[in-house]
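Please read the structure below before turning to the comments.
Coordinate-derived values only; no laboratory data. Predicted model only: the values in this text are computed from it and were never measured. So basically every Cβ, Gly included, is an ideal-geometry build from the backbone, and we count neighbours across all protein chains shown.
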Amino acid sequence: MTIQEQIFSAIKEYDTIIIHRHKRPDPDAIGSQMGLAAILKASFPEKKIFCVGKQYKSFEWLGVTDEIDDDVYKNALVIVVDTANQPRVSDDRYNQGKMLIKIDHHPNDDQFGDLMWVDDEASSTSELITVFYELFEDQLKMTDNAARVLYAGIVGDTGRFKYPATTSRTFAIAAKLTEYDFDASAINQIEDEIDLPLAHLAAYVYNNLTIHENGAAYVVLSNEVLEPFNLGDESTSAVVPLPGNLKEVVSWAILVEQKDETFRVRLRSKGPQINELAKKYGGGGHPLASGAIVESSQDIDSFIEDLDIVVDRYQDNL
Ligand code: AMP
């Protein structure tokens with residue numbers, strides 16, 4: 001049996017299925033979670049299907065999570081989507097079910113679950129969920145809402161079909177999803193929209209970006225800088241891709257100070273692979289989009305030196 005067949009057989013076997021995704025979610029985490037749930041609910045109306053994880057107001061347009069008692073896990077199948085590492089799973093009851101499945105598109109650094117389907121060449125977990133649907137199309141039902149949230153996940157994780165993981169399969173799947181009844185251009189619009197404080201932060205990022213001659217760039221968003229913008233840590237997501245719009249920038253880091261005075265590093269690249277650097281600083285992720293932690297402001301310089309080395313090495317090999 002293929003891994004997808006094994007997953008489908010587990011889904012058919014269980015009456016209760018609980019779907020988790022990662023902390024600090026993005027449209028792909030929620031889209032793949034809510035999309036899978038909507039497909040399963042429509043296909044197996046007799047099953048109890050739940051989505052759990054911290055709810056964010058800004059993502060209510062993609063769906064709302066369920067609050068469930070610990071008891072529900074007793075005989076449940078748990079599926080964790082879009083989450084590479086166990087500490088990043090939102091709601092740590094994920095290992096309290098009877099069976100655990102991981103479906104993801106991040107590098108498989110933390111192998112967990114009774115069954116694992118990890119394809120790190122897929123653009124998004126929403127793409128994988130749609131592939132799963134297509135494999136068992138004769139037994140599964142897609143709904144307009146499932147198509148809408150899966151499309152939102154793909155649009156989110158591909159940077160509107162811009163990032164290199166966008167393949168002909170991604171376009172084919174997105175095209176099929178848009179045959180359902182939802183407003184695809186409204187989704188593109190929602191994902192692009194920012195509010196005024198965020199626009200001001202974007203201006204700050206452009207104005208204060210340090211760009212090295214080799215193309216390495218960074219900006220530090222300290223608590224002091226962030227405070228007047230009155231934005232939560234999550235809102236900084238929208239400014240993360242911005243330095244990449246500059247021709248001069250090859251790889252960049254946005255260092256966001258946390259309440260405990262450590263810095264969450266959001267690392268992106270247009271060429272050099274930066275996930276090993278992220279791992280060195282307690283994080284990980286994709287070759288071109290990773291995250292890490294810098295313990296204090298004193299360690300920022302050494303992190304940037306390491307970033308420079310990665311970019312230099314890449315430029316030397318061009
Ligand atoms: P972010 O900058 O938070 O959007 O993260 C980009 C990617 O890096 C995510 O998709 C995760 O795969 C990965 N990532 C971020 N933070 C961490 C972390 N602390 N540990 C492992 N991977 C991370």
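Descriptive notes on the structure:
- In the chain, helices alone account for a calculated mean residue ellipticity at 222 nm of -10500 deg cm²/dmol, with every DSSP H run of four or more residues adding -39,500 (n - 2.57).
- Rounded, prolate or oblate (a/c below 1.5 giving rounded, otherwise prolate when a/b exceeds b/c) for region 3-192 by Cα gyration tensor: rounded
- Proximal lysines to K12, defined as alpha-carbon separation beneath 24 angstrom and excluding residues fewer than eight positions away on the same chain: K41, K47, K48, K74, K98, K102, K141
- DSSP bridge orientation in the chain - percent antiparallel, rounded to nearest 5: 45 percent
- Gyration tensor (alpha-carbon) shape descriptor, region 18-77, a/c threshold 1.5: oblate
- Residue order, fewest to most beta carbons within 10 Å, for T210, T236: T210, T236
- One chain, two ends: Q315 and N85. Fully extended at 0.36 nm per residue, the span grows by 79.7 nm beyond their Cα-Cα distance.
- Modelled label positions at K279 and V64, each set 7 Å beyond Cα in the direction of Cβ, lie 4.2 nm from each other.
- Other-chain or far-sequence residues with amide H under 5 Å of S90's (modelled H): R21, H22, K23
- Neighbour counts of other Cβ atoms within 10 Å put R148, R88, R266, R169 in the fewest-to-most order R169, R88, R266, R148.
- In terms of surrounding Cβ atoms within a 10 Å radius of their Cβ, W117, W252, W61 rank from fewest to most as W61, W117, W252.
- Alpha carbon centroid spacing (whole Å) that separates region 134-181 from region 269-318: 31 Å
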